[in-house]
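J.: Dumping the structure here so I can ask a few things about it.
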Amino acid sequence: MLGRFGQHDRGIEGLRSMSPNPKKLFVSHASEDHEVALELSRYLEQDGFRTFITSTAMADDIDRTANLYESVTELRAVIILLTPHSLSDEHVKRETNLAIENGIPIYPVNLSGEEQLKTLLTPEWRYWLSITQILTCKDSREAFRKLRVRISADSASNMEIDSVARQSIIGSWRAFESLFEQIEIAKMSHSIID
């Protein structure tokens, strides 16, 4: 059952209250991967994590983006499902960028296989994912098992160290975006001259 802002609510409040960190894990995914995202969310919630997942009914750019922006202070981390669909999805790109800009840890989960992922990654995605380890998994159950260990292992001190690295990367990313924009402008002006 999806509650406010598509938050997955399975009625397990007792487990949620036992969670040491009340902040939520956001599962970023393409609409084509919604069932896998829901399944992963269920596994995580059954283990005591709180999750936030957008509904496929939120196809409107404004609603989906606004809901995530409103919830950014409530996020513990962002899990990014990496599939052929998500790597080209503008929402997933914005959600990933939003997480990085706000110093929120990201956990990319590759559900495409290592070889296919290598062929699908654009320079933009390679840059974003350079700050973390990609978990390659065959399905949502394996993703849950790996995430459970990984998220639990990220102690407060590790998060602080990661935060400093993320801030450095954010500055580099902004410079990269600016350079990318300048290249696009140069391409457009070059085609006008031709």
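The values are calculated or read from the model by the stated rules, or taken from the named source; none is laboratory data. Computed from a predicted model, the values in this text were never measured in an experiment. When we count neighbours, we look across all protein chains shown, and the Cβ atoms used for this are built from the backbone with ideal geometry, even at glycine. Side chains are part of the model used for accessible areas, which takes the heavy atoms of the whole protein and leaves out ligands, DNA and RNA. Shrake-Rupley method; radii C 1.70, N 1.55, O 1.52, S 1.80 Å.
J.: Somewhere in the range 97-106, is a residue free of Cβ contacts under 8 Å to residues at least 24 places away in the same chain, open to solvent by less than 40 Å² (accessible area, probe 1.4 Å) and either of a type outside the set (Ser, Thr, Tyr) or not in a helix (DSSP H, G or I) (or both)? Give the steps one after another, and end with the answer.
T.: Step one: filter the range 97-106 for residues free of Cβ contacts under 8 Å to residues at least 24 places away in the same chain, giving none.
Within the range 97-106 (the criterion being free of Cβ contacts under 8 Å to residues at least 24 places away in the same chain, open to solvent by less than 40 Å² (accessible area, probe 1.4 Å) and either of a type outside the set (Ser, Thr, Tyr) or not in a helix (DSSP H, G or I) (or both)), the answer is no, since none of the residues qualifies.
J.: Which residue out of Leu121, Leu111, Leu81 is over 24 Å from Ser168 (Cα atoms) and open to solvent by 10 Å² or more (accessible area, probe 1.4 Å)? Give the steps one after another, and end with the answer.
T.: On the way: Leu121 fails: over 24 Å from Ser168 (Cα atoms); Leu81 fails: open to solvent by 10 Å² or more (accessible area, probe 1.4 Å).
Testing whether each residue is over 24 Å from Ser168 (Cα atoms) and open to solvent by 10 Å² or more (accessible area, probe 1.4 Å) leaves just Leu111.
J.: Ok, one more. Please identify the pairs in which a residue from the range 30-53 that is over 9 Å from Ser140 (Cβ atoms) and in contact (Cβ under 8 Å) with a residue 60 or more places away in the chain has its Cβ atom under 7 Å from the Cβ atom of a residue that is part of a strand (DSSP E or B) and among the hydroxyl-bearing types (Ser, Thr, Tyr), counting only partners at least 6 apart or on another chain.
T.: Once the first residue is over 9 Å from Ser140 (Cβ atoms) and in contact (Cβ under 8 Å) with a residue 60 or more places away in the chain and sits in the range 30-53, its partners that are part of a strand (DSSP E or B) and among the hydroxyl-bearing types (Ser, Thr, Tyr) give Leu44/Thr51.
J.: Which residues, counting only those in the range 1-57, are modelled with pLDDT of 50 or more, more than 26 Å from Ala153 (Cβ to Cβ) and open to solvent by less than 20 Å² (accessible area, probe 1.4 Å)?
T.: Hits for the range 1-57 are Ala30, His34, Thr54.
J.: Just to check your reading of the model, which residue among Ile151, Ile193, Ile170 is over 16 Å from the mean Cα position of the chain (by Cα) and modelled with pLDDT under 90? Give the derivation first.
T.: Working: Ile151 fails: over 16 Å from the mean Cα position of the chain (by Cα); Ile170 fails: over 16 Å from the mean Cα position of the chain (by Cα).
Answer to the check: Ile193.
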